[in-house]
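No lab work stands behind these numbers, since they all come straight from the coordinates. Nothing here was measured: the structure is a model prediction, and the numbers come from that model. Note that each Cβ is placed from the backbone with ideal geometry, even for glycine, and that neighbours are counted across all protein chains shown.
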Amino acid sequence: MFDSLQAGLTSALKTLRGKGKLSESNMREGLGLVQKALLEADVSFSVVKDFIGRVSEKALGEKVLSALDPSQQVVGIVHQELIDLMGPVDHSLHLQPGVTVLMLCGLQGSGKTTTCGKLGRLINERGRKPLLVAADLQRPAAIEQLHVIGGQLGLEVYSEPGAKDPVAVCQNAVKHARQVGANVVLLDTAGRLHIDDELMEQLKQIDRRVSPEQVYLVVDGMTGQDAVNSAKAFNEALELDGVIMTKLDGDARGGAVLSVKQVTGVPIKFIGTGEHLDALQEFHPERMAQRILGMGDILTLVEQAQQKFDSDEMAKQEERLRKGEFTLDDFRKQLGMTKKLGPMNKIMGMIPGMGGLTEMMGDMDAEGDMKRLEGIIDSMTPAERRNPSKIVDQSRRRRIAAGAGVEPHEVNELVKQFDGMASIMKELGSLGMRDRVRKVQELQRGLANPNAQLQKPKLGTGKRLSSEERAKLRKQREKDLRRRKREAKKSQ
């Protein structure tokens with residue numbers, strides 16, 4: 001999401017960091033690059049012009065130019081202006097006592113029907129009983145689709161086969177909701193391939209005669225300025241309460257997200273970040289601004305982890321780490337939990353300071369690598385997973401490799417990497433949260449070398465070892481290796 005915008009803004013702001021001292025001249029040059037990045041991301045020209053005007057006014061002041069780190073001050077100004085551009089946002093659905101009616105509208109293909117299901121799921125999780133209403137009578141497939149989605153989510157769907165009047169369907173649905181005890185009615189209204197008078201008149205009729213408490217427009221974030229133009233037209237007809245922007249998991253350039261509030265005055269309330277029915281998030285301008293500037297979005301990542309991870313399992317893992325225990329079984333469970341959060345490059349981009357690693361990963365198949373690791377671990381015996389030092393002879397490695405469909409050297413590499421990882425995880429388990437963050441940042445700097453591998457942390461002795469001491473340590477290591485081999489043979 002917004003890769004090109006993030007890259008453009010990051011590059012523009014880097015040019016300011018490279019200056020020994022910032023002047024009005026090179027500041028204007030850097031802000032010109034910021035403007036170019038925004039325009040290339042399909043942000044509305046009028047929005048870019050106003051945005052750069054506000055940033056320039058603050059960035060060219062004496063307070064910034066004479067600051068100890070002026071480039072950092074500029075990043076702060078851009079960050080705050082991005083937040084102001086997209087916010088503020090009222091996240092409340094304004095659910096009333098009794099029955100609350102929420103109306104969804106939008107063009108065909110915007111993801112409106114799927115979003116109706118996603119929003120119903122979210123409302124259901126918050127302890128309310130939603131009723132999904134198939135009021136898109138223009139497209140029979142939309143009615144069938146909503147019934148399928150309702151079935152997947154365990155939510156009731158109201159429809160009237162053969163009905164011709166969408167206003168009557170919506171009115172009857174509200175009556176039905178009161179009869180069955182539903183307290184939130186979600187109207188999935190008709191869409192068109194483009195805005196026309198017939199569509200707008202139909203939506204106005206529903207708005208007047210059903211009186212929904214909130215009207216949300218669903219727009220496709222991939223359509224750029226077309227999404228902004230649609231929002232403007234719908235808002236003039238219906239007075240929208242919010243926008244739900246979909247398909248932000250694709251190649252959205254970011255223009256619509258940054259433009260819609262400024263152009264229409266209507267805030268984005270939710271964003272769709274995937275096809276799954278749980279891929280709907282509240283829109284937080286401050287978090288989005290952090291993502292756009294490559295600062296990560298750790299709060300959203302934590303929220304997703306809390307929703308998708310098994311809390312009991314996480315508590316057990318934490319306790320084991322505190323005791324200094326970390327096996328390949330633990331690593332396998334962590335891989336499984338991590339996959340629930342989405343693609344690896346998306347996760348890395350949400351961790352502060354880790355955004356640069358996604359560039360280093362390039363075209364690497366991170367998901368494929370994770371599957372291979374899982375396959376190797378699954379091919380081991382329980383004893384081998386608990387104690388990988390048992391995997392010292394070639395016959396074991398060949399057996400594991402054959403079971404996982406990989407080469408024996410890949411088994412060897414996993415064991416070597418895990419040896420270093422286990423030491424680090426045990427160390428992290430003994431630290432407080434602040435020290436853990438500091439340790440992770442140190443690791444990230446170490447991994448900036450593309451050829452870097454996880455190593456066991458070296459413990460300093462405070463002095464150089466003599467040749468006799470080094471020889472003694474070498475003998476001890478050889479002795480330990482022979483002992484491990486003997487233990488491995490006994491366990492066979």
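The ranking of Cys116, Cys105 from fewest to most other beta carbons within 10 Å of each one's beta carbon is Cys105, Cys116. The phi torsions of the stretch 207-217, fed into the Karplus equation with coefficients 6.51, -1.76 and 1.60 and a -60° offset, translate into couplings of 4, 6, 8, 9, 6, x, 5, 9, 10, 10, 9 Hz, rounded to whole numbers, with Gly and Pro shown as x. Going by the alpha-carbon gyration tensor, a ≥ b ≥ c the square roots of its eigenvalues, is the stretch 95-211 rounded (a/c under 1.5) or, if a/c is not under 1.5, prolate (a/b greater than b/c) versus oblate? Judged from the Cα gyration tensor, the stretch 95-211 comes out prolate (a/c at least 1.5, a/b above b/c). Give the calculated FRET efficiency between Phe45 and Ser25 to the nearest 0.05, with a Förster radius of 22 Å applied to their Cβ-Cβ distance. Efficiency, from the Cβ-Cβ distance: 0.35. A Förster radius of 60 Å, combined with the Cβ-Cβ distance separating Arg126 from Lys479, puts the computed FRET efficiency at roughly 0.45. Among Ala163, His147, Val133, whose Cα sits farthest toward the positive end of the charge dipole of the stretch 131-276 (+1 at Cβ of Lys/Arg, -1 at Cβ of Asp/Glu, about the Cα centre)? Of Ala163, His147, Val133, it is Val133.
Phi-derived couplings, Karplus 6.51 cos²θ - 1.76 cosθ + 1.60 at θ = phi - 60°, listed residue by residue for the stretch 130-147: x, 10, 8, 10, 7, 9, 8, 7, 6, 10, x, 4, 5, 5, 4, 4, 5, 5 Hz, with x used for Gly and Pro. With contacts taken as Cα pairs under 8 Å and at least 6 residues apart, the stretch 82-223 reaches a relative contact order of 41 percent.
If one computes P(r) from the Cα atoms of the stretch 100-295, what percent of pairs lie at distances over 24 Å? That fraction is 35 percent. Taking trypsin sites (Lys or Arg not before Pro) across the stretch 150-232, the ones in a DSSP loop with at most 13 further Cβ atoms lying within 10 angstrom of their Cβ are Lys164.
Distance between the pseudo-spin-label points of Ala279 and Met337 (7 Å out from Cα toward the beta carbon): 2.4 nm. Proximity of backbone amide H atoms, modeled 1.01 Å from N, is registered between Leu131 and Val184, Val185, Leu186 at under 5 Å, excluding neighbours fewer than 5 places apart on the same chain.
Inter-label distance, Met370 to Leu193: 3.9 nm, where each label sits 7 Å from its Cα along the C-beta direction. Using the Cβ of Lys269 as centre and a radius below 11 Å, the other residues enclosed give a net charge of -2, where K and R count +1 and D and E count -1. Using the Cβ atoms and a cut-off under 9 Å, what net charge is assigned to the surroundings of Gly242, where Lys and Arg are +1 and Asp and Glu are -1? It works out to a net charge of -1. Karplus-derived 3J(HN,Hα) values for the stretch 408-417, using 6.51 cos²θ - 1.76 cosθ + 1.60 with θ = phi - 60°, are x, 5, 5, 5, 4, 5, 4, 4, 5, 5 Hz; glycine and proline are entered as x.
Dimensions of the stretch 131-196 based on its C-alpha atoms, expressed as ranges along the principal axes with the largest first, amount to 36, 26, 21 Å.
Between His409 and Gln205, the simple label model (points 7 Å from Cα in the Cβ direction) yields a spacing of 7.2 nm.
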